[in-house]
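Peer 1: Just dropping this structure here.
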Amino acid sequence: MPSPETALSGEPESLLAVFGWYILASVLVIGFVTVSAMFLIWWERKVSAHMQSRLGPMRVGWHGWLQSIADALKLLQKENIIPARADRPVFWMAPVVVFIPAFLAYVCIPFGPRLIAEDLTIGLLYILAITSVAIVGIFMAGWASNNKYSSLGAMRTVAQMVSYEVPLLLSLLGVVILTQSLSMQTIVESQAGIWFIALQPLGFLIYITAATAEVNRTPFDIPEAESELVAGYHTEYSGMKFAFFFVAEYTNLFTIAAIATALFLGGWHGPLLPPVVWFLLKSYFIVFLLMWFRWTFPRVRIDQMIGLGWKVLIPLSFLNLILTSLVVLLLQGGSAGGVS
Amino acid sequence: MTEPASLLAWIAFVCLVAVTVGSAVLVVTLRNLFHAVLALIASLLGVAGLYLMLLAEFVAAIHVLIYVGAVATLFLFVIMLTVRIDDAALRQSNRQVIPAIALCGAGLALLLAALLAAPWTPVEEIRPPGVQQIGHDMLTTYLLPFEVVSLLLLVALVGAVTLARREDQRT
């Protein structure tokens, strides 16, 4: 697989190869993101239905598996509605600004031993940095809609995402200390013997809690609490623009699950089955867990939620960080002083 | 470096500079404050791209995480919480244009003087420092600046707590 370094130093052929690879990777990721999001939407509806003793979509295809495709086709044909007093350019750009970071995060997700678009040395940091840009898109959507529900939803979303980004980052640092690397592949490879969930149980719990809040899912779905805010920041959106938000939401859901898999559940490691299958199985299990949460826990109040983030999760993640560093330092017996 | 690669790098550089400078101009000229912050974000992303071109991946990621993800978001938050901020009648500038130009001009002159006076030596091979190298240097060679920064953050933290508390007593 050619890398940009060889392209910059090499001849025009390798440059072409690099572009070919980038285009191929983008097409693959776009395909995966779309299919995965449509599958997750269908799955969410099925899981929700079965947890409530319903059947969910049943009409379109076997057990309604074509339902998402039908919905996507319907959304494509919808009229493009923009509120009269909306800020048009910002209103148009917002879904794109939300979607692009969600899509770009896939550059560093390790689906298999060689199946990663680009194994950056700062992979984990890259994913966290790029996904934080989506907050801006949510703000744009809420502000441009010129609707009080949208604005309130956007402000709640941002308050929540900013609060929970801190414990999320801190909870992942424990794993980084153990592997001494930010590269996603190195992190997965160092879990060949033991999964980090065994070494970092507290980190995993903090991560799952913070991640649920990051993707605005119940019990932390205050930003789009339908009984208070209609639908939050995307209240005024319909048609394809709404679809962009929807796909981005489920893409982020999978990203969160993929990070959990790569950092805590051994990534693509597993017996018998091919690595990609293991990675997808584990990731979709985490997604299922988050869907399970939705029908198990009631929504928390906004002050309780912010309080939980700042007063419980952040101190706990600092504790986790200090304990991990201490153990690593003691085990290495002070020999890790320099750059290894 | 061969021709096409350096040409591509040049095109990328020009695009990034255009985004950075163009949006920076928009930041100070747009009448709508919300739009100005969005332009600022575009400018910050352009700067992150320039860092990437310098092979400083770590700095670029941190730049996006802190400036776009936190600082610019805070700006947007404040704007949305402020009443009538998007009112067209509201003046978005003050009368200190001339002192501002003078100060920026002086800063530019100083920077240019330093840049032109510096003895630049071209290096054969560029080896970007990894995260481990940066971490190591921060806790050895640059320990004092690192500690000063943490002191600054502590002051900001205490200040925020004090402000929040005062608000509490008043109500």
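The values are calculated or read from the model by the stated rules, or taken from the named source; none is laboratory data. All figures in this text were calculated on a predicted structure; none of them were measured in a lab. Don't worry about glycine lacking a Cβ; one is built from the backbone with ideal geometry, like all the others, and counts go over all protein chains shown. The protein model used for the area step is the full one, side chains on, heavy atoms only, and it has no ligands, DNA or RNA in it. Shrake-Rupley method; radii C 1.70, N 1.55, O 1.52, S 1.80 Å.
Peer 1: When Lys and Arg each count +1 and Asp and Glu each count -1, what net charge do the other residues less than 14 Å away from A:P110, Cβ to Cβ, add up to?
Peer 2: Residues near A:P110 contribute -1 overall.
Peer 1: Let me ask another. Toward the positive end of the charge dipole of chain B, about the Cα centre and with charges on Cβ (Lys, Arg +1; Asp, Glu -1), which of B:Q96, B:T29, B:S43 goes farthest?
Peer 2: Farthest towards the positive end: B:Q96.
Peer 1: Hey, what angle do you get for helix A:12-51 against the long axis of chain A, alpha-carbon based, 0 to 90 degrees rounded to 10?
Peer 2: In chain A, helix A:12-51 runs at an angle near 60 degrees to the longest axis.
Peer 1: How much of the accessible area of region A:82-331, probe 1.4 Å, is carbon plus sulfur, in whole percent?
Peer 2: That fraction is 73 percent.
Peer 1: Taking every Cα atom in region B:1-84, find the radius of gyration and the maximum pairwise distance Dmax, and write them in Å.
Peer 2: 15.2, 56
Peer 1: Return the sequence-ordered ³J(HN,Hα) values of region B:115-129 in whole Hz as given by the Karplus equation 6.51 cos²θ - 1.76 cosθ + 1.60 applied to θ = phi - 60°, using x for Gly and Pro.
Peer 2: 5, 6, 7, 5, x, 7, 10, x, 9, 6, 10, 9, 10, x, x
Peer 1: Relative contact order of region B:12-139: what whole-number percent is it, with Cα pairs under 8 angstrom and at least 6 residues apart? Please report the intermediate quantities before stating the final value.
Peer 2: On the way: 77 pairs, mean separation 29.2, N = 128.
The normalised contact order for region B:12-139 reaches 23 percent.
Peer 1: Explain nothing, just compute: Karplus ³J(HN,Hα) = 6.51 cos²θ - 1.76 cosθ + 1.60, θ = phi - 60°, for every residue of region A:303-315 in order, whole Hz, x for Gly and Pro.
Peer 2: Couplings: 5, 5, 5, 5, x, 4, x, 7, 9, 10, 5, 5, x Hz.
Peer 1: Moving on to the next point. At 222 nm, what helix-only mean residue ellipticity would the protein assembly as shown give, in deg cm²/dmol to the nearest 500, using -39500 (n - 2.57) for each DSSP H run of four or more?
Peer 2: Using -39500 (n - 2.57) per qualifying helix, the result is -22500 deg cm²/dmol.
Peer 1: Compute the long axis of helix A:275-294 from its Cα atoms, compare it with the longest principal axis of the Cα atoms of chain A, and write down the angle in degrees, 0 to 90, nearest 10.
Peer 2: Here the helix axis deviates by roughly 50 degrees.
Peer 1: Related question: Rg to Rh for region A:82-331: what is it, with Cα atoms only and Rh by Kirkwood?
Peer 2: Rg divided by Rh gives 0.99.
Peer 1: Further question: Roughly what angle does helix B:3-29 make with the longest principal axis of chain B, taking Cα atoms, 0 to 90 degrees, to the nearest 10?
Peer 2: For helix B:3-29, the angle is close to 20 degrees.
Peer 1: Can you tell which of A:Y250, B:L139, A:V29 lies farthest toward the positive end of the dipole of the protein assembly as shown, using +1 and -1 charges on the Cβ of basic and acidic side chains (Lys, Arg; Asp, Glu)?
Peer 2: Sorting the options by dipole projection puts first A:Y250.
Peer 1: When the accessible area of chain B is split by element with a 1.4 Å probe, what percent falls to carbon and sulfur?
Peer 2: Working: 9300 of 12660 Å².
Exposed carbon and sulfur together represent 73 percent of the surface.
Peer 1: Give me the Kirkwood hydrodynamic radius of region B:130-171, using the inverse of the mean 1/r over all pairs of distinct Cα atoms, in Å to one decimal.
Peer 2: 12.3
Peer 1: Another one. Restricted to Cα positions, what overall size does chain B have along the principal axes? Three whole-Å values, descending.
Peer 2: 65, 41, 29
Peer 1: First measure r as the distance between the Cβ atoms of B:E125 and A:V312, then evaluate 1/(1 + (r/R0)^6) with R0 = 51 Å and state the FRET efficiency to the nearest 0.05.
Peer 2: 0.55
Peer 1: Starting from the Cα gyration tensor of region A:52-193, take the square roots of the eigenvalues, sort them a ≥ b ≥ c, and report rounded, prolate or oblate (rounded when a/c is under 1.5, otherwise prolate if a/b is larger than b/c, else oblate).
Peer 2: Oblate.
Peer 1: May I pose another question? Stick to the Cα atoms of region A:96-145, pair each with every other, and give me the Kirkwood hydrodynamic radius in Å at one decimal.
Peer 2: Every distinct Cα pair counted, the radius reaches 11.7 Å.
Peer 1: From other protein chains only, count the Cβ atoms within 10 Å of every residue's Cβ in A:128-139, then give the mean.
Peer 2: Per residue, the average neighbour count from other chains is 6.
Peer 1: Here's another thing I want to ask about it. Classify region A:12-62: rounded, prolate or oblate, from the alpha-carbon gyration tensor (a ≥ b ≥ c, eigenvalue square roots; a/c under 1.5 rounded; otherwise prolate if a/b is larger than b/c)?
Peer 2: It is prolate, given that a/c is not under 1.5 and a/b is the larger ratio.
Peer 1: Could I ask something else about it? How high is the FRET efficiency between A:A192 and B:R95 when r is their beta carbon distance and R₀ equals 51 Å, given to the nearest 0.05?
Peer 2: Efficiency for this residue pair is about 0.20.
Peer 1: Given Cβ point charges of +1 (Lys, Arg) and -1 (Asp, Glu) and nothing else, what value in debye, to the nearest 20, does the dipole of the protein assembly as shown about its Cα centre take?
Peer 2: I would put it at about 1620 debye.
Peer 1: Under 8 Å for C-alpha pairs, at least 6 residues apart: give me the relative contact order for region A:237-340, rounded to a whole percent. Let's see the in-between values first.
Peer 2: Working: 33 pairs, mean separation 17.8, N = 104.
Relative contact order for region A:237-340 comes out at 17 percent.
Peer 1: Stokes-Einstein diffusion coefficient for the protein assembly as shown at 20 °C in a medium of 1.002 mPa s, Rh from the Kirkwood formula over Cα pairs: what value in µm²/s?
Peer 2: The estimated diffusion coefficient comes to 85 µm²/s.
Peer 1: Measure off 7 Å from each Cα along the Cα-to-Cβ vector at A:L323 and B:T29, then give the distance between these two points in nanometres to one decimal.
Peer 2: So the label points at A:L323 and B:T29 sit 5.7 nm apart.
Peer 1: Here's something else I'd like to know. Work out the P(r) tail for region B:97-161: percent of alpha carbon pairs separated by more than 14 Å, whole number. Please list the in-between numbers first.
Peer 2: On the way: 1621 of 2080 pairs.
When all Cα pairs of region B:97-161 are counted, 78 percent exceed 14 Å.
Peer 1: If we count every other residue with Cβ under 14 angstrom of A:A37's Cβ, Lys/Arg +1 and Asp/Glu -1, where does the sum land? List each step's numbers first, then the result.
Peer 2: Values: positive: A:R45; negative: A:E44, A:D71, A:E249.
Once all neighbours under 14 Å are counted, the net charge is -2.
Peer 1: Hey, another quick one. Let me have the relative contact order for chain A, percent, based on Cα pairs under 8 Å that are six or more residues apart.
Peer 2: This gives 21 percent for chain A.
Peer 1: Apply 1/(1 + (r/R0)^6) to the Cβ-Cβ distance of B:V161 and A:V35, taking R0 = 45 Å, and write down the FRET efficiency to the nearest 0.05.
Peer 2: Step by step, r from the Cβ atoms, then E = 0.40.
Peer 1: Name the residue, out of A:G64, A:G112, A:G266, whose mean-square fluctuation peaks in a Gaussian network model built on chain A with Cα pairs under 10 Å.
Peer 2: So, out of A:G64, A:G112, A:G266, the one fluctuating most is A:G64.
Peer 1: Choose one of A:V277, A:A117, A:A134: the residue whose Cα lies farthest towards the positive end of the charge dipole of the protein assembly as shown (beta-carbon charges +1 Lys, Arg; -1 Asp, Glu; about the Cα centre).
Peer 2: The one lying farthest along the dipole's positive direction is A:A134.
Peer 1: In a solvent-free Debye calculation with one equal scatterer on each Cα, what is log10 I(q)/I(0) for region A:136-260 at q = 0.16 Å⁻¹, listed in the order of the q values?
Peer 2: Evaluating at q = 0.16 Å⁻¹ gives log10 I(q)/I(0) of -0.80.
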